[in-house]
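Asker: Sharing a structure below in structure tokens format, with a few things to ask.
The values are calculated or read from the model by the stated rules, or taken from the named source; none is laboratory data. Quick caveat, the model's predicted, so the values are computed rather than measured. Glycine also receives a Cβ, built like all others from the backbone with ideal geometry; neighbour counts cover every protein chain displayed. Quick note on the areas: whole protein, heavy atoms, side chains included, nothing else; ligands and nucleic acids left out. Shrake-Rupley method; radii C 1.70, N 1.55, O 1.52, S 1.80 Å.
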Amino acid sequence: MHGPDTEQLAFDSQHIWHPYSSMINPPPMFPVESASGVRLRLTDGRELIDGMASWWSVVHGYNHPALNQAAHEQIDRMSHVMFGGLTHSPAIELSRKLVEMTPEGLERVFLADSGSVSVEVALKMAIQYWHARGKPEKHRMISLRNGYHGDTFGAMSVCDPVNGMHELFSGVLAQQLFAPRPEPPFDGGFAATDIAELERLLDQHHGELAALILEPIVQGAGGMRFYSPEWLRQARALCDQYKVLLIADEIATGFGRSGELFACNHAGISPDIMCLGKALTGGYMTLAATLATAEIAHTISAGGAGCFMHGPTFMANPLACAVALESLNQLEQQDWHSQVQRIESGLKQGLEPARALTSVADVRVLGAIGVIERHEPVSLAQVQPMFVDQGVWVRPFGRLVYVMPAYIMSDADLTTLTTAMVAVMQELDRL
Ligand code: PMP
């Protein structure tokens, strides 16, 4: 099947929900026919350099020979079998690799089917852990202002109602606590007062708190902000002091994106529970993972319920696990660290000219993440075609114009991407 034709596009606009979209005023769609390397090919023959990596996930580029081969080989064996009572090598070898790669102490793996579900699993693990320890009253969560953890009910409850994404549901969500967002920037100084409010909340509420959930170092959808590793170290220490579990949501940051394999590594800390997704399969398939310490897994299993109460149909899908395993092998073979360092310096150099624009509040780069923060929001309908005309795929969000390219993007393509971003920002200034 090739790219959608006019009739299919009409059907799409009438019948299909896209993310956060209206069915009365459906957003304009750019029909894509195929994708290879860092390029999206539209049905009209235009090729776009993709700055979004399909929302953080396509780290090795599209249509990658090794990932394709892993998928082909696995699909000829089995694409899916239930995981209840059955097991298979793709899940075992992937889990072994995850235990090896992730920060020390994370040794038990739950293979979920999407990032949001891995967050649900993490929250449930934390609640079940305290229940098993005879403290069922420790069932609330604390999270951070500007945090984002997904769109399902548990995940929404720990998102800051920032940008109004989930405000509508606030009346029916579990009532959680929120600490201020971490202010000290990634490479700035840190003062004890920067974390004083989190400490106060933990001191006051630890008796009812199961876990602190946060995005380590990079707050994504809630503002694309990079904060201080020292803040994260202090938060870890406070969780220990007040006996509150630490859940690190590394769904966006995992697998090298921030310049360390996991963002927690910037601070040299291990969380008690970690959520992974997005780049886990190199962006090929939907798969996520929740890792926990042996102590958490043991406590839950020794508790009254006797098991962890979660088990989705597509748990540990073998096809997704086989592709994920190959994606993790590729990270190592292709030396992700030098790739990300190269992207980081390209982004820093390429986006710098935007800093001089009056409409631009800040330009920041960490690892393979580049952000232009404007004073005013952009209109997607206005700006998306401008980027497409420049031959790039960039999808701004509110005041944020940001990219997180595949690690394999060449220097030349990166220059085209950043030049286009700056050009569109300049054009907006002139309009
Ligand atoms: N946590 C973070 C930090 C995310 O960025 C996202 C996705 N944007 C999620 C959770 C939810 O993942 P998914 O979209 O796969 O459900």
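Asker: Condition first: among the β-branched types (V, I, T), closer than 27 Å to A132 by Cα and buried (at least 24 other Cβ atoms within 10 Å of the Cβ). Can you find one or more residues in region 310-322 that meet it?
Answerer: Of the residues in region 310-322, the ones among the β-branched types (V, I, T) are 313.
Checking which are closer than 27 Å to A132 by Cα leaves us with 313.
The next check asks that each one be buried (at least 24 other Cβ atoms within 10 Å of the Cβ); those that pass are none.
No - not one qualifying residue is present in region 310-322.
Asker: Across region 41-67, which residue is farthest from the ligand (Cβ to nearest atom) among those that are aromatic (F, W, Y) and within 22 Å of D411 (Cβ to Cβ)?
Answerer: Step one: of region 41-67, the residues aromatic (F, W, Y) are 55-56, 62.
Filter once more, keeping what is within 22 Å of D411 (Cβ to Cβ): 56, 62.
Working: W56: 7, Y62: 18 Å.
The selected residue is Y62.
Asker: Looking only at region 128-141, decide whether some residue is open to solvent by less than 60 Å² (accessible area, probe 1.4 Å), touching a residue at least 12 places away in the same chain (Cβ under 8 Å) and farther than 18 Å from M309 by Cα. I'd like the intermediate steps shown before the answer.
Answerer: Taking region 128-141 first, the residues open to solvent by less than 60 Å² (accessible area, probe 1.4 Å) are 128-130, 132, 134, 138, 140-141.
Remaining after also requiring touching a residue at least 12 places away in the same chain (Cβ under 8 Å): 128-130, 132, 138, 140-141.
Subset that is farther than 18 Å from M309 by Cα: 141.
Yes, there is a match, as at least one residue in region 128-141 is open to solvent by less than 60 Å² (accessible area, probe 1.4 Å), touching a residue at least 12 places away in the same chain (Cβ under 8 Å) and farther than 18 Å from M309 by Cα.
Asker: Within region 384-403, which residues are of a type in the set (A, V, I, L, M, F, W, C) and at pLDDT below 95? Explain how you work it out, then say what you get.
Answerer: Of the residues in region 384-403, the ones of a type in the set (A, V, I, L, M, F, W, C) are 386-388, 392-394, 397, 400-401, 403.
Passing the criteria: only F397.
Asker: Further question: Which of the residues belonging to region 353-377 are open to solvent by less than 10 Å² (accessible area, probe 1.4 Å), assigned to a loop (DSSP other than H, G, I, E, B) and of a type in the set (A, V, I, L, M, F, W, C)?
Answerer: Result: A368, single match.
Asker: Output yes when any residue across region 400-417 is in contact with a Lys or Arg (Cβ under 9 Å, 6 or more places away or on another chain), without any contact (Cβ under 8 Å) to a residue 12 or more places away in the chain and farther than 19 Å from E260 by Cβ, and no when none is.
Answerer: The answer is no, given that none of the residues of region 400-417 is in contact with a Lys or Arg (Cβ under 9 Å, 6 or more places away or on another chain), without any contact (Cβ under 8 Å) to a residue 12 or more places away in the chain and farther than 19 Å from E260 by Cβ.
Asker: Which one of G188, G147 is open to solvent by less than 20 Å² (accessible area, probe 1.4 Å) and touching a residue at least 24 places away in the same chain (Cβ under 8 Å)? Steps first, please.
Answerer: Numbers: G188 fails: open to solvent by less than 20 Å² (accessible area, probe 1.4 Å).
Answer to the selection: G147.
Asker: While we're on this one: Do you know which residues across region 378-415 are in a helix (DSSP H, G or I) and over 24 Å from D362 (Cβ atoms)? Show your work before the answer.
Answerer: Residues of region 378-415 that are in a helix (DSSP H, G or I), as a first pass: 380-389, 411-415.
Result: A381, P385, V388, D389, D411, A412, D413.
Asker: Go through region 151-174 and report how many residues are in contact (Cβ under 8 Å) with a residue 60 or more places away in the chain and closer than 24 Å to Y129 by Cβ.
Answerer: Qualifying residue count for the region: 1.
Asker: Further question: Out of P180, P184, report the one residue that is touching a Lys or Arg at 6+ places or on another chain (Cβ under 8 Å), away from the ligand (no atom under 16 Å from the Cβ) and within 21 Å of P216 (Cβ to Cβ).
Answerer: Within the list P180, P184, the selection yields P180.
Asker: Looking for something within 13 Å of the ligand (Cβ to nearest atom), part of a helix (DSSP H, G or I) and open to solvent by less than 10 Å² (accessible area, probe 1.4 Å) - is there at least one such residue anywhere in region 281-298?
Answerer: Keep residues of region 281-298 that are within 13 Å of the ligand (Cβ to nearest atom), which gives 281, 283, 285-290.
Restricting the remaining residues to those that are part of a helix (DSSP H, G or I) gives 281.
Still in the list and also open to solvent by less than 10 Å² (accessible area, probe 1.4 Å): 281.
Within region 281-298, one or more residues are within 13 Å of the ligand (Cβ to nearest atom), part of a helix (DSSP H, G or I) and open to solvent by less than 10 Å² (accessible area, probe 1.4 Å).
Asker: Return a yes/no flag: does region 142-156 have any residue that is away from the ligand (no atom under 16 Å from the Cβ), hydroxyl-bearing (S, T, Y) and over 26 Å from P318 (Cβ atoms).
Answerer: First, the residues of region 142-156 that are away from the ligand (no atom under 16 Å from the Cβ): 142.
Imposing the further condition that a residue be hydroxyl-bearing (S, T, Y) reduces the set to none.
Checked region 142-156: no residue is away from the ligand (no atom under 16 Å from the Cβ), hydroxyl-bearing (S, T, Y) and over 26 Å from P318 (Cβ atoms).
Asker: Could you check how many residues of region 16-37 are open to solvent by less than 50 Å² (accessible area, probe 1.4 Å) and of a type in the set (A, V, I, L, M)?
Answerer: Residues meeting the conditions: 1.
Asker: A follow-up question, please. For the structure I just gave you, tell me whether L67 is out of contact with any Cys (no Cβ under 8 Å at 6 or more places or on another chain), within 15 Å of A248 (Cβ to Cβ), among the hydrophobic types (A, V, I, L, M, F, W, C) and open to solvent by less than 10 Å² (accessible area, probe 1.4 Å).
Answerer: no
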